[in-house]
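This is the structure, below, for whatever I ask next.
The values are calculated or read from the model by the stated rules, or taken from the named source; none is laboratory data. Bear in mind the structure is a predicted one, so any value in this text is a computation, not a measurement. Because the Cβ atoms are built from the backbone with ideal geometry, glycine has one as well, and the counts that use them run over all protein chains shown.
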Ligand code: 13P
């Protein structure tokens, strides 16, 4: 799937968050898988990240298509007495090729630090999953002009040991843009993505070459109307989409606006 192909080919990831029941999930996944199957030359890779209990249903619905499957979180350990948590090897076993780690909702609501995110990302890589590592500043950090400092610190602290352009995707999601209908300007998005890529060049074992090949997604109030402007910037390699990924037509339009 997606993460095995050309490293900078646009990747559109639908983060369903805590939404959906089995029937809706199957219908949405099947709709997108069918569109992808009939599209002769998609210029993008597409992935769905449903809630844990829906992974098996979605895996079944997308079987035989190029649609990728990812989870929204994983535990840092491969197994053990961790009630309610889900291990990366199980995600791999159930058909996932990726897992989101360090989403701001996990950082804020579950107290996940950069160090925790890093261990989760390392667990993902150890299980053979691609880690989609989320970073992004809060509104007060942006207002105090600390955005680049914050995302640089998050890159330094959250990036797993051994990260490569194919094993890790970075997702820049300004916290204040998530679910609010507000977005940075395209120039602001490009500035942050360029800075993140430069920082990656100093952190990856593969240096600037790997940083130049790593996908950096933008997320935060991406919709069918603004995707063309936000997702086609030089250093933007696709999107991590929340609300608009729950509607097949909107999500498809977003994907198609990437080139
Ligand atoms: P929205 O697209 O709903 O703003 O959510 C973005 C997000 O958090 C994706 O991970």
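Could you grab the pairs with beta carbons closer than 7 Å, sequence gap of 6+ or different chains, first residue in region 177-193 and in contact (Cβ under 8 Å) with a residue 12 or more places away in the chain, second one surrounded by fewer than 19 Cβ atoms within 10 Å (Cβ to Cβ) and outside any helix (DSSP H, G or I)?
The qualifying pairs are 183/226; 186/233; 189/233; 190/233; 190/234; 193/233.
May I ask you to list pairs of residues, at least six apart or on different chains, whose Cβ atoms are under 9 Å apart, with the first in region 127-139 being within 14 Å of residue 70 (Cα to Cα) and the second being modelled with pLDDT under 95 and surrounded by 24 or more Cβ atoms within 10 Å (Cβ to Cβ)?
From region 127-139, the pairs are 130/2.
Another question, then. Would you pick out the residues in region 20-33 that are outside any helix (DSSP H, G or I) and either touching a helix residue (DSSP H, G or I) at 6+ places or on another chain (Cβ under 6 Å) or buried (at least 20 other Cβ atoms within 10 Å of the Cβ) (or both)?
Within region 20-33, 20 is the sole residue that qualifies.
Going through region 240-249 one residue at a time, which ones are in contact with a helix residue (DSSP H, G or I) (Cβ under 7 Å, 6 or more places away or on another chain) and more than 10 Å from the ligand (Cβ to nearest atom)?
If the condition is that a residue be in contact with a helix residue (DSSP H, G or I) (Cβ under 7 Å, 6 or more places away or on another chain) and more than 10 Å from the ligand (Cβ to nearest atom), then 248 is the only one that fits.
Moving on to the next point. Considering each of 34, 83, 41 in turn, give the residue that is free of Cβ contacts under 8 Å to residues at least 40 places away in the same chain, away from the ligand (no atom under 16 Å from the Cβ) and closer than 28 Å to residue 179 by Cα.
Every option except 34 fails the conditions.
Test of understanding: among 64, 111, which residue is loosely packed, with under 15 Cβ neighbours inside 10 Å, modelled with pLDDT of 95 or more and out of contact with any strand residue (DSSP E or B) (no Cβ under 6 Å at 6 or more places or on another chain)?
Residue meeting the stated conditions: 111.
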